[in-house]
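The values are calculated or read from the model by the stated rules, or taken from the named source; none is laboratory data. In this text, all values refer to a predicted model and were calculated from it rather than measured experimentally. Note: ideal-geometry Cβ built from the backbone for every residue, glycine included; neighbour counts use all protein chains shown. With ligands, DNA and RNA removed, areas are computed over all heavy atoms of the protein, side chains included. Shrake-Rupley method; radii C 1.70, N 1.55, O 1.52, S 1.80 Å.
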Amino acid sequence: MNARRRDGLLRQRDFRLLWAGETTSRFGSNITGVAMPLVAVVTLDASTFWVSTLAAAAWLPWLFLGLPAGAWVDRLPRRPLMVACNVGSLVLLLSVPAAAWLDVLTMTQLLVVSLLTGVANVFFSIAYRVYVPFVVPREHLTEANAKLQGSESAAQLAGLGGGGVLAGAFGAVNGLLADAATFLVSTLCLLGIRGKEPAPERPERPQALRKDVAEGLRHTVRDPYLRVLTTYGTVTNLLLTGYQAILTVFLVRELHVGEATVGWLLAGSSVGGLLGAIVATPMARRFGTARGMLLCKFATAPFGLLIPLAEPGWRVVLLPVGGAVLALGVVSANVIQGAFRQQYCPPQLLGRVTASVSVANFGAIPVGSLLGGVLGGVLGLRPALWLLTAGLAVSSALLLAGPLRARRDLPTEPPTQPPAPSPVHPPVHPPVRRPARPSAESTEQGGSPEPADSPGPADRRTLRYAVPEQG
């Protein structure tokens, strides 16, 4: 039966196109993840602070545009919006090799390109997450997210390694041409999707954008599951990007690694992400979605302490090993969380809830990048890596602050609200039934009512979320 389900998803042409386009785009983006810092370090001789600032610029738009972008995504058709973001990113990336060929490339241009492609990424990322449930049937969402996360990790593995090879063979600047080409492929795949996306729901009386944003933010903050997962994601992203922002500088200047080897060492960490996507679904089935996610996080986070132990020579392998185990935990949890949000959040709020979570999580990335740069400059690269990876090792304890620790599985449907009591009409008590001879009146009204302590349909659904499931 599992094989039939997998085949059924792979036979869906629209999902295959979406999957292929996103995988290709991720491949190119990871080439840029190696090429852009190398352009700054090797071509422009940038300092550690400016390299970390470049990493921060790509994520800074989440802080300023993330929340209103979620409200706009809920109002606009998603596929045309994603196509527009792809085309804009393609043009921006082509400007870097063009400027280099004309010998006018500056750090300012790199920062502007990174910032504007970050703006496009904000809108694309939110629209993409909201668009997936329209392409994939509800029962296949976990499998679809596992495939998307798995191919993302595979693209990261190939892209980081390929980025290093391209940088070594043709120069870091020319590696950006590959990313521009992948945006073109992603656009063609999106245009090839045949399924018609339903028009976004529009309220009878449209409310101000500010109120739409506030509604999604309130839902995220008040829900105990979304609140604890968002808090944890924010803290871990702060620490993860803090050490990742200075990793290229650490490899080049302290471990004396060449350009091509940098890409392959970073790619080695992506192997863990690929494994994480593979094991996520079996772990969720075996241990439950909540317990499986906790196990992934607590078992993998301490391995980040291997990263600052890396030294020139054979001990350089400790860096990709530590990164790979960290990636395994991050990706496997992302698969579970992605399906959870797509099933759990009300459809009309999904864009705004996704934006609220993403603003907190991705908004921490530029702060973390700058933090890594500052710590690397003040303390030195290796002490900064020790501090940041030690924080990662203990950060999983935040997940125990909410309801996750008491559940086997995460809920799979939006929580229901109990009906509000009527302020006008007094409560009506059912007639007292005599067990021997029911009255004619009660017989005419439809027979025996449910027992008073038996929940009705709505109550049963509410109790599903009020009582923790037992493993």
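For this structure, a couple of remarks:
For (1) aliphatic (A, V, I, L, M); (2) open to solvent by 40 Å² or more (accessible area, probe 1.4 Å), each residue gets a yes or a no:
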{"site": "CYS85", "(1), (2)": "no, no"}
{"site": "GLY88", "(1), (2)": "no, no"}
{"site": "VAL91", "(1), (2)": "yes, yes"}
{"site": "ALA99", "(1), (2)": "yes, no"}
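- Residue within the stretch 46-56 that is among the β-branched types (Val, Ile, Thr) and surrounded by fewer than 23 Cβ atoms within 10 Å (Cβ to Cβ) present: yes
- Residue match in the stretch 64-76 (condition: in contact (Cβ under 8 Å) with a residue 24 or more places away in the chain, closer than 24 Å to THR182 by Cα, of a type in the set (D, E, K, R) and surrounded by 23 or more Cβ atoms within 10 Å (Cβ to Cβ)): no
- Put simply, of LEU226, LEU251, LEU255 the only residue that is in contact (Cβ under 8 Å) with a residue 60 or more places away in the chain, assigned to a helix (DSSP H, G or I) and either open to solvent by 50 Å² or more (accessible area, probe 1.4 Å) or more than 16 Å from GLY33 (Cα to Cα) (or both) is LEU226.
- Selected residue (criterion: farthest from LEU191 (Cα to Cα)) from residues of the stretch 12-45 that are charged (D, E, K, R) and open to solvent by less than 50 Å² (accessible area, probe 1.4 Å): GLU22
- Test set (1) under 30 Å from GLU254 (Cα atoms); (2) open to solvent by 10 Å² or more (accessible area, probe 1.4 Å) - GLY323 fails condition number: (2)
- The set of residues in the stretch 363-394 being farther than 25 Å from PRO61 by Cα, modelled with pLDDT under 90 and buried (at least 19 other Cβ atoms within 10 Å of the Cβ) consists of LEU381 alone.
- Residues in the stretch 278-337 that are of a type in the set (A, V, I, L, M, F, W, C), in contact (Cβ under 8 Å) with a residue 60 or more places away in the chain and within 18 Å of PRO403 (Cβ to Cβ): ALA284, PHE287, ALA290, MET293, LEU294, PHE298, ILE336.
- Comparison of LEU18, LEU10, LEU60 shows that the only residue that is farther than 23 Å from GLY175 by Cα and without any contact (Cβ under 8 Å) to a residue 60 or more places away in the chain is LEU10.
- Residue list for the stretch 266-277, restricted to those being modelled with pLDDT of 80 or more and open to solvent by 10 Å² or more (accessible area, probe 1.4 Å): LEU275
- All positions within the stretch 339-353 that are within 30 Å of THR53 (Cα to Cα) and open to solvent by less than 10 Å² (accessible area, probe 1.4 Å): GLY351, VAL353
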